[in-house]
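The values are calculated or read from the model by the stated rules, or taken from the named source; none is laboratory data. Quick caveat: nothing in here was measured; it's all calculated off a predicted structure. So basically every Cβ, Gly included, is an ideal-geometry build from the backbone, and we count neighbours across all protein chains shown.
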Amino acid sequence: MRSPVISVALLVLTRGSQVSYVQKKRKNTKALESMKVKRVVLASRPGNDGEPATENFRLEETDLTEELMDGQVMTKTLYISVDPYLRCRMNEDSGADYIQSWKISKVLDSGGIGVVEQSRHGHIKPGDIVTSFNWPWQTKCVLEGNTLTKLDPSLVDGNLSHFLGAVGLTGLTAFLGVKEKGHVIPGANQTMVVSGAAGACGSLAGQIGRFLGCSRVVGICGTDEKCSLLTSDFGFDAALNYKEKGLADKLRECCPEGVDVYFDNVGGEISDVVISQMTKNSHIVLCGQISQYNKDVPYPPPLHPQTEANLKERNITRERFMVLNYADQHEMAIQQLSQWLKAGKLKVKETVVHGIENTAGAFVSMMKGGNIGKQIVQISGY
């Protein structure tokens, strides 16, 4: 999969882009006692067209014997985020200049949260909760303090994992995606369809579409259980299981006046069906294409000729969405998401597995739709 659509929105919560694992010795160092830590490394690549498997990952135990130098902190990892875009990092070429491929036999990284245990950084102290977009899949880490951002637990009522979801990367993607690319007009009687609707981003996007003014919201997902949750817990008007026959007919019944806004998380045949029922001058929020991530195709993936014709004939907008392009709105968006969350208006679901040894399994399951809401790995307790 080349040049994936991912949203690097967590950059609003993270100062710096890379974790430094090897540092030259400097003066004024404080030796850390040697300790055993567990980490996950990339054992092999699935290939550009292959499905990831747990065998592509390896759990190791190693000694943490680095020295804590000026500017560094030692952290205990609390939570790790596993997300669809990480599939592209498993290839030798990630397909995008803003994310790096994982290296064979090197510790993996993604969004993460930890608590500081020791610090030689002027503005970070023991007990602080910190986050990074490049958090190592390791039980304890020595990190450069200037790559971390301190978090305010009150923004999420103490539910720290929400900083990796509803009030982090995922929430910013959903909110700003709908706001900037959905062109929702309150009172315009618009119908919104969300694919991957029971996932981390889709479950939020549907709710936010309603908050911003859509009169009808319909979700598409992969199980009857998820469909039930969308209507009972997330406030969708209807939900369709794409694995059942007759998706096009059922979608037409749910959206008799057509689709005005489509929040696309999956691409492929599902999106072909939705786009065929979109109205003139309607809008696609091109957020993700998870059905295409195991295929070595250009990005955005080529569309079916009829789908391409529908876009042109009906003047449907379909532009890739990058949250990084809306950095001036990040602070506002985080505050709004926090307000909705604390007021109980924004409903959040998480699929949580426990233990670093289950991180690879959580990622593989998420890629196959095994999660409801945000997939989180809890590495240790706070």
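Out of everything in the stretch 313-327 that is assigned to a helix (DSSP H, G or I) and within 22 Å of Asp97 (Cβ to Cβ), what residue ends up being modelled with the lowest pLDDT?
Leu324
Which of the residues that make up the stretch 135-166 are over 21 Å from Leu204 (Cα atoms) and free of Cβ contacts under 8 Å to residues at least 12 places away in the same chain?
Asp152
Going residue by residue through the stretch 269-285, is there one that turns out to be under 18 Å from Phe175 (Cβ atoms), among the hydrophobic types (A, V, I, L, M, F, W, C) and touching an Asp or Glu at 6+ places or on another chain (Cβ under 7 Å)?
Start the filter on the stretch 269-285 by keeping residues that are under 18 Å from Phe175 (Cβ atoms), which leaves 283-285.
Keeping just the survivors that are among the hydrophobic types (A, V, I, L, M, F, W, C) gives 284-285.
Within this subset, residues satisfying the condition of being touching an Asp or Glu at 6+ places or on another chain (Cβ under 7 Å) are 284-285.
Checked against the condition, which is being under 18 Å from Phe175 (Cβ atoms), among the hydrophobic types (A, V, I, L, M, F, W, C) and touching an Asp or Glu at 6+ places or on another chain (Cβ under 7 Å), the stretch 269-285 yields at least one hit.
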Exercise. Of the residues Cys227, Cys214, which is hydrophobic (A, V, I, L, M, F, W, C), part of a helix (DSSP H, G or I), in the same structural domain as Lys243 (by TED's automatic domain parsing) and surrounded by 20 or more Cβ atoms within 10 Å (Cβ to Cβ)?
Worked result: Cys227
For this session: Among the residues of the stretch 39-74, count how many are in contact with a Phe, Trp or Tyr (Cβ under 9 Å, 6 or more places away or on another chain), closer than 21 Å to Ser110 by Cα and not small (Gly, Ala, Ser).
Result: 8
Problem set entry | Those residues of the stretch 245-281 which are basic (Lys, Arg) and free of Cβ contacts under 8 Å to residues at least 12 places away in the same chain, in sequence order | Lys245, Lys250
For this session: Given the conditions (1) surrounded by 15 or more Cβ atoms within 10 Å (Cβ to Cβ); (2) assigned to a loop (DSSP other than H, G, I, E, B); (3) at pLDDT below 95; (4) over 20 Å from the mean Cα position of the chain (by Cα), report the number of the one that Phe236 does not fulfil.
Result: (3)
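From Gly202, Gly196, Gly177, which residue is buried (at least 21 other Cβ atoms within 10 Å of the Cβ), at positive phi and in the same structural domain as Glu319 (by TED's automatic domain parsing)? Don't jump to the end; show me each part of the working.
Working: Gly202 fails: at positive phi; Gly177 fails: at positive phi.
Result of the check over Gly202, Gly196, Gly177: Gly196.
Taking into account only those residues within the stretch 71-89 that are modelled with pLDDT of 95 or more and of a type outside the set (Val, Ile, Thr), which is nearest to Asn134 (Cα to Cα)? Spell out the reasoning first.
In the first step, residues of the stretch 71-89 are kept if they are modelled with pLDDT of 95 or more; the result is 71-82.
Checking which are of a type outside the set (Val, Ile, Thr) leaves us with 71-72, 74, 76, 78-79, 81.
Values: Gly71: 17, Gln72: 15, Met74: 15, Lys76: 15, Leu78: 14, Tyr79: 12, Ser81: 10 Å.
That would be Ser81.
How many residues are assigned to a helix (DSSP H, G or I), in contact (Cβ under 8 Å) with a residue 60 or more places away in the chain and more than 18 Å from Ser161 (Cβ to Cβ) if we restrict to the stretch 336-360?
In the first step, residues of the stretch 336-360 are kept if they are assigned to a helix (DSSP H, G or I); the result is 336-342, 356-360.
Among the residues that remain, those that are also in contact (Cβ under 8 Å) with a residue 60 or more places away in the chain are: 336-338, 340-342, 356-357, 359-360.
Those still in the list that are more than 18 Å from Ser161 (Cβ to Cβ) too: 336, 357, 360.
Of the residues in the stretch 336-360, 3 are assigned to a helix (DSSP H, G or I), in contact (Cβ under 8 Å) with a residue 60 or more places away in the chain and more than 18 Å from Ser161 (Cβ to Cβ).
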Exercise. Which numbered condition trips up Lys150, out of (1) buried (at least 19 other Cβ atoms within 10 Å of the Cβ); (2) touching an Asp or Glu at 6+ places or on another chain (Cβ under 7 Å)?
Worked result: (1)
For this session: With the condition kept exactly as written, say whether any residue in the stretch 115-131 is exposed (fewer than 15 other Cβ atoms within 10 Å of the Cβ), under 22 Å from the mean Cα position of the chain (by Cα), closer than 29 Å to Lys349 by Cβ and in contact (Cβ under 8 Å) with a residue 24 or more places away in the chain.
Result: no
Exercise. List pairs: first in the stretch 46-58 and under 17 Å from Lys103 (Cβ atoms) and touching a residue at least 40 places away in the same chain (Cβ under 8 Å), second of a type in the set (Gly, Ala, Ser) and part of a helix (DSSP H, G or I), Cβ under 6 Å, 6+ apart or cross-chain?
Worked result: Phe57/Ala360
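Name the residue, out of Gln100, Gln138, that is under 21 Å from the mean Cα position of the chain (by Cα) and either in the same structural domain as Val266 (by TED's automatic domain parsing) or surrounded by 20 or more Cβ atoms within 10 Å (Cβ to Cβ) (or both). Steps first, answer last, please.
Details: Gln100 fails: either in the same structural domain as Val266 (by TED's automatic domain parsing) or surrounded by 20 or more Cβ atoms within 10 Å (Cβ to Cβ) (or both).
The conditions single out Gln138.
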Exercise. Does the stretch 161-201 hold any residues that are aliphatic (A, V, I, L, M), assigned to a helix (DSSP H, G or I) and within 13 Å of the chain's Cα centre (by Cα), and which are they?
Worked result: Leu164, Leu169, Leu172, Ala174, Ala200
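Restrict the check to the stretch 270-287 and report whether at least one residue is under 17 Å from Gly196 (Cβ atoms) and surrounded by fewer than 18 Cβ atoms within 10 Å (Cβ to Cβ). Steps first, answer last, please.
First, the residues of the stretch 270-287 that are under 17 Å from Gly196 (Cβ atoms): 270-275, 284-287.
Now restrict to residues that are surrounded by fewer than 18 Cβ atoms within 10 Å (Cβ to Cβ): 272.
Within the stretch 270-287, one or more residues are under 17 Å from Gly196 (Cβ atoms) and surrounded by fewer than 18 Cβ atoms within 10 Å (Cβ to Cβ).
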